[in-house]
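J.: Here you go, one structure.
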Amino acid sequence: MYLRKNILNRSIFHYKMNCTSLRLAFRAGSRQGSALLLRSRWFSSSSSLESPRVGIVGVGQMGAAVACNLLRNGVEVKLFDLAGESNVPEPLREGIKGASWTNSGKALAEGSDIVITALPKPEHVTAAFESQEGLLEGMSAGMTWIEHSTTDFENTIRVKEMVEAKGAKAIEAPLTGGMQILREGKMVTLVGAEDEAFTDQVRDVIAMSAPRIVQCGQFGHATIIKIYSNILCAVHDVAMGEALCVAKKAGLDMKLVFDAMRVSSGNSFCWETEVPLVLRGEYDPNFTATMMLKDISLGLDLAKKYDVPQPFTEKVAARYQEAIDKYGPDEGSTIPVRLNEDEAGVKLSEGIGNAKAAFEKWEYTSEITNGSFQILPKHVDNPHTKFG
């Protein structure tokens, strides 16, 4: 009774939020059918009062965060991971206590209406479906598969065909925006799907973790965009290490460098969300260098398929491989900056400006402003700017 009443209340709020979103879209000059949908995190009024049963395969950083978001909204969640609960990040363990664990992908699928995969690599997605007691053995007509992994789009299409052969639907929905934003339930998702598969109910499940939904057209296209989004971040990770080390050796205050760049043409998502970590001596934005190199490799494979030379991306891949070889495969994706530090003989978090202390309590959230992603830092100001 509580769940039905709770979801009904959310449905009313959803209607009000939709009206607000439509007014904002109109003011921004959006046309009907705009690809960018700023959705509320509630089931739409057209959905069933009973929320769907959702199963998640892969309960690492992404899968566990998605599970927490769903559970907060009263959704029944089942989990499966080959490593079991040991794969769940420590900060998220309390949040997933309301979920139930299954002993196989088959058992998870049999007890779910929607299955979400949040796995590291293409081969893991394939194994999750095709292995003995895998997802395919438990899937049936009327179910929906949501793919949150960033993976090989051709392999994803092949799995989609197997899912559809069981009478189920497939949604490609890679997430982007940073793990801190995902834990807040404010992520962006890039969706590739046929209209009949992307129902209100599916949209609302996704929106509990990623209410900023960009519909990217046909299945497969969203993954291409996500891969190159990560590659552009990798390029900036490598470049910002070089820039920061030059500024450090030139004697600049590193907090001032960060603040000045934030309001310059060189600013970026990576600068605003990863430099503060580096300046307090950390290199892990909850995404490993190995995963970043995987995404770079997927992009290089795509470029080869379409006969597009990628000389600079190849150099970035080599730099990541060098950092992984030196520091290990489990280091964070900002680790190329440490490679720059070691080569230059500097430590960015030490010395003038006491950058480590300046960013000790730094966090961030985000908003979409005029169609663009905006980072909103917490517990840190920019005292060097004087506008107006």
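The values are calculated or read from the model by the stated rules, or taken from the named source; none is laboratory data. No experiment lies behind these values; they were computed from the predicted model shown. Cβ placement follows ideal geometry from the backbone for every residue including glycine, while neighbour counts extend to all protein chains displayed.
J.: Do you know which residues across segment 101-149 are under 21 Å from V88 (Cα atoms), surrounded by fewer than 23 Cβ atoms within 10 Å (Cβ to Cβ) and of a type in the set (V, I, T)?
T.: If the condition is that a residue be under 21 Å from V88 (Cα atoms), surrounded by fewer than 23 Cβ atoms within 10 Å (Cβ to Cβ) and of a type in the set (V, I, T), then T102 is the only one that fits.
J.: Among S209, S264, which is the only one that is part of a loop (DSSP other than H, G, I, E, B), in the same structural domain as D113 (by TED's automatic domain parsing) and not acidic (D, E)?
T.: Step by step, each of S209, S264 is checked, and only S209 is part of a loop (DSSP other than H, G, I, E, B), in the same structural domain as D113 (by TED's automatic domain parsing) and not acidic (D, E).
J.: Identify all residues within segment 300-344 that are hydroxyl-bearing (S, T, Y) and not in a helix (DSSP H, G or I); write none if there are none.
T.: Y306, S333, T334
J.: Ok, one more. For segment 122-136, does any single residue satisfy the condition of being closer than 24 Å to L71 by Cβ, at pLDDT 95 or above and part of a loop (DSSP other than H, G, I, E, B)?
T.: Within segment 122-136, not a single residue is closer than 24 Å to L71 by Cβ, at pLDDT 95 or above and part of a loop (DSSP other than H, G, I, E, B).
J.: Restricting to segment 358-375, name every residue that is outside any loop (DSSP other than H, G, I, E, B), of a type in the set (A, V, I, L, M, F, W, C) and over 15 Å from V188 (Cβ atoms).
T.: A358
J.: What pairs come out if I take residues in segment 327-341 that are among the aliphatic types (A, V, I, L, M) and pair them with residues that are surrounded by fewer than 18 Cβ atoms within 10 Å (Cβ to Cβ) whose C-beta lies under 6 Å away, six or more apart or interchain?
T.: As it stands, the answer is I335/Y327, since those pairs meet every condition given.
J.: Take segment 271-289 and flag every residue that is farther than 13 Å from P377 by Cα and either assigned to a loop (DSSP other than H, G, I, E, B) or under 16 Å from the mean Cα position of the chain (by Cα) (or both).
T.: L279, R280, G281, E282, Y283, D284, P285, N286, F287, T288, A289
J.: Considering Q321, Q310, Q374, which residue is without any contact (Cβ under 8 Å) to a residue 40 or more places away in the chain and touching a Gly at 6+ places or on another chain (Cβ under 8 Å)?
T.: Q310
J.: Starting from residues that are out of contact with any His (no Cβ under 7 Å at 6 or more places or on another chain) and either assigned to a loop (DSSP other than H, G, I, E, B) or of a type in the set (F, W, Y) (or both), keep the ones in segment 163-182 and report whichever is nearest to S131 (Cα to Cα).
T.: My answer is K166.
J.: Pick from segment 324-333 the residues that are in contact with a Phe, Trp or Tyr (Cβ under 9 Å, 6 or more places away or on another chain) and not charged (D, E, K, R): which of them is nearest to A234 (Cα to Cα)?
T.: S333
J.: Sticking with this structure for a sec: Does P309 satisfy the condition of being under 25 Å from F373 (Cβ atoms) and assigned by TED's automatic domain parsing to the domain that holds Q374?
T.: no
J.: Another question about this same structure. Would you be able to tell me the number of residues in segment 319-378 that are of a type in the set (A, V, I, L, M) and closer than 13 Å to V278 by Cα?
T.: Residues meeting the conditions: 8.
J.: Here's another thing I want to ask about it. Given the conditions (1) among the polar types (S, T, N, Q); (2) more than 20 Å from K121 (Cβ to Cβ); (3) at pLDDT 95 or above, report the number of the one that S349 does not fulfil.
T.: The single condition S349 does not satisfy is (3).
J.: Among the numbered criteria (1) surrounded by fewer than 19 Cβ atoms within 10 Å (Cβ to Cβ); (2) part of a helix (DSSP H, G or I), which single criterion is violated by L252?
T.: Only one criterion in (1) surrounded by fewer than 19 Cβ atoms within 10 Å (Cβ to Cβ); (2) part of a helix (DSSP H, G or I) is unmet by L252, namely (2).
J.: Please enumerate the residues belonging to segment 61-103 that are among the hydrophobic types (A, V, I, L, M, F, W, C) and assigned to a loop (DSSP other than H, G, I, E, B).
T.: Passing the criteria: V75, L82, A83, V88, I96, A99.
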